[in-house]
1. Please verify whether His48 is surrounded by fewer than 16 Cβ atoms within 10 Å (Cβ to Cβ) and touching a residue at least 12 places away in the same chain (Cβ under 8 Å), treating the condition exactly as stated.
2. If you scan the range 33-55, which residues turn out to be modelled with pLDDT of 90 or more, more than 17 Å from the chain's Cα centre (by Cα) and among the hydrophobic types (A, V, I, L, M, F, W, C)?
3. Inside the range 70-79, can you point out the residues that are in a strand (DSSP E or B) and either more than 15 Å from Phe105 (Cβ to Cβ) or over 13 Å from the mean Cα position of the chain (by Cα) (or both)?
4. Looking at the range 113-154, which of its residues are of a type in the set (Lys, Arg) and in contact with a Leu (Cβ under 7 Å, 6 or more places away or on another chain)?
5. In this structure, is Ile29 closer than 25 Å to Ser148 by Cβ and at pLDDT below 85?
6. Take the conditions surrounded by fewer than 18 Cβ atoms within 10 Å (Cβ to Cβ) and touching a residue at least 24 places away in the same chain (Cβ under 8 Å) and apply them to Tyr74. Does it pass?
7. Considering each of Ser148, Ser67, Ser108 in turn, give the residue that is under 24 Å from Asp31 (Cβ atoms) and either assigned to a loop (DSSP other than H, G, I, E, B) or in contact with a Lys or Arg (Cβ under 7 Å, 6 or more places away or on another chain) (or both).
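The values are calculated or read from the model by the stated rules, or taken from the named source; none is laboratory data. Note that the structure is a prediction, hence the values are computed from the model and not measured. Note that each Cβ is placed from the backbone with ideal geometry, even for glycine, and that neighbours are counted across all protein chains shown.
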Amino acid sequence: MATFTTAMSNNLMEQLLPAYGQPRKRMPIWDEGQRMFLFDQHESPAGHLYYKGVRFGENVAIVEYVSQYYNCTYLNSLELYAYSGNRVELVQKRIYEKTFRNEAFIRSEAEGMVKDYLRGMAKIQKCVIPEEYLETNVRNMVENCYKSFLDRDYALPMQLIARQLEGK
C-alpha cells in the first residue's frame, strides 16, 4: 500500500505540475473562470495563443475554438456535438471571422444551434415541438453545459467523451 500512496502523492503531483524543464502529462485543463476544459493550447511564432475549449452537458457538448492576439480574445468557431451511445457526433458548426469572444454571445449562439438541430430532427420525424417547450428545454441544456466540473454532482463520463473530441 505504501507504494500506491507514494505513487498517488509524488508521481501524480509531478505529472500534473512538473518542475520547469520537465514535460507535463497530456490532459485537459479545467478553467473554472470560463467553466470549460482547455485542449490543444499552442502559441504561434508571432506570439498568438490558440486553444480549444470544451463544455460538457448531459445532452450535448459545446466546443469553442479561441484565439488570443495581444489583449483581444476572438471566437474562431463553435461546434455542437450530440451524444449517440458511447460516441459523440458533430451536429452543427459555425465559423466566425474576427468576432470578439463574449460569453452571452456564445450562449445565445449555442442555444440557436441546439434549437435548429431539434427543429430539424422534429421535422424529419414529422412532429411539432411547441416553441415555449423548446425554449425552456434548450436553455436548460445549454445552462447544464456551464456546470462546474468541481461540483459534487458532475457525473458525466468526461474521459471517454474527451478522448473522442481530442482527435477532432
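1. When the stated conditions are applied, His48 passes them.
2. Correct list: Leu49 only.
3. Passing the criteria: Cys72, Thr73, Tyr74, Leu75, Asn76, Glu79.
4. Passing the criteria: only Lys115.
5. Values: closer than 25 Å to Ser148 by Cβ: yes; at pLDDT below 85: yes.
Here the answer is yes, as Ile29 does meet what is asked.
6. Values: surrounded by fewer than 18 Cβ atoms within 10 Å (Cβ to Cβ): yes; touching a residue at least 24 places away in the same chain (Cβ under 8 Å): yes.
For Tyr74, the condition - surrounded by fewer than 18 Cβ atoms within 10 Å (Cβ to Cβ) and touching a residue at least 24 places away in the same chain (Cβ under 8 Å) - is met.
7. Criteria check complete, one pass: Ser148.
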